[in-house]
1. Would you order Ser86, Ser62 from fewest to most other beta-carbon atoms within 10 Å of each residue's own beta-carbon?
2. May I have the count of lysine pairs in the chain with C-alpha atoms under 18 Å apart, counting pairs 8 or more residues apart or located on different chains?
3. In whole Hz and in residue order, list the ³J(HN,Hα) couplings for the stretch 330-347 that follow from phi through the Karplus curve 6.51 cos²θ - 1.76 cosθ + 1.60, θ = phi - 60°; x for Gly and Pro.
4. Run a plain Debye calculation on the chain (Cα atoms as equal point scatterers, no solvent) and give log10 I(q)/I(0) at q = 0.13 Å⁻¹, rounded to two decimals, same order as the q list.
5. When DSSP beta bridges are limited to those with both residues in the chain, what percentage is antiparallel, rounded to the nearest 5?
6. For each of His274, His45, His235, His87, count neighbouring Cβ atoms within 10 Å of the residue's Cβ, then give the residues from fewest to most.
7. Multiply the residue gap between Glu308 and Ala177 by 0.36 nm, knock off their C-alpha separation, and tell me the result in nm, one decimal place.
8. Can you tell me which of 29-39, 196-206 comes out highest on packing, and rank the rest after it, using the mean Cβ neighbours within 10 Å?
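Derivation of every value follows stated rules applied to the coordinates shown; laboratory data play no part. None of these values were measured; they are calculated from a predicted model. Please note: Cβ atoms are built from the backbone with ideal geometry, for glycine as well, and neighbour counts cover all protein chains shown.
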Amino acid sequence: MKIALLANLKKNAPEHPGANGDQWDDLDGPETIESILGALRAGGHEATFLEAGLQKGFDLISRLRSYQPDLCFNISEGHFGDSRESHVPSILEMLQIPYTGSGVLTLALALDKPMTKRVLNYHDLPTPEFQVFGSADEEINDDLLEGNELRFPLFVKPSREGTGMGVSRNSIVTSVAELRDRTAQLLTAYRQPVLCERFIEGRELTVGLIGNLKSTEARRLSDRTAPTVLPDELHFFPPMEIDTDKHGESEAGIYTNRVKVELAHDFHWTCPAHIDDGLRERLWKLTAAVFRVTGSHDVARVDFRYDEKTDTPWILEINPLPGLNPEYSDLCIEATAQGWAYEELINRIVEVAVKRYGL
């Protein structure tokens, strides 16, 4: 097949005076682009990279019309806007070009963490109680209360960012004053609503999957919190545990932006995670349910915090555009732990998309 790899390179990001230092942390580096292109070509495809932007020098629409791909391998994150990850899929749908991964609605939904949590709540899927703050002095609602007391510690982060942007040791707050102060900082820095949720003390786990649900199975999953039997159509990777204690007090035991970016080459993890068969299957079933209710396609990763005291895996979020750096991206580590070569992972994503479109 003739495949266009669509992504946003950090070096091509537009200048944005006054932006945070981490603004482009979720964009890709050249090593990821070259790795994916190499994997696609190893799979027998013709492949080229197109910068997924419309800024001067990168007119994606013109380049797509010139290249005329059979399929686009989409990992574009976008640059601006509340639903920036859905911009390129919107263009592809207007041009009637098939692409890998989730569609416009899912990508817009998943980037907005509070909206995703509302969907999870509707389906009775376990996600920590939360409130969204549009101002630092907003009244605290009952969702953050347990009896007459606040559910401290609480966790505060931007609503619409990836790669742990805005997440540091200061994200954990233990008083109303800290909550107000951290919320004010994030509102000023990121210019978007702030999500505050109950902080789950426990183990950081993540689960990746590849595949698509048949319509009959999807309907069955929509009416329950999680499937009673794992769907055959989905391939689950072994759960991975992030070692949140390796960097000590500097990261306060959380998966911070610094760990994901600055310390990416000193990343500590265990895969497969040391968990029993029962917990692993529960994580897979919850991952399938989240994949279904968010309308995801082809590939995704779901992040959890596991509270050992209550034996509860709490869903934090779904990433329908998981990182694909072969060295340190979570999904790639999980695939390797299962014995998959990087080329197999990339080409399997293509295969399930091709089957979904009936190409």
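1. Ser62, Ser86
2. The result is 11.
3. 4, 4, 5, 5, 5, 5, 4, 4, 8, x, 7, 6, 4, 4, 5, 4, 5, 6
4. The Debye formula, applied to the Cα set alone, gives -1.06.
5. Looking only at bridges with both residues in the chain, the antiparallel portion is about 75 percent.
6. His274, His235, His45, His87
7. Gain on extension, Glu308 to Ala177, equals 44.2 nm.
8. The packing order, highest mean first, is 196-206, 29-39.
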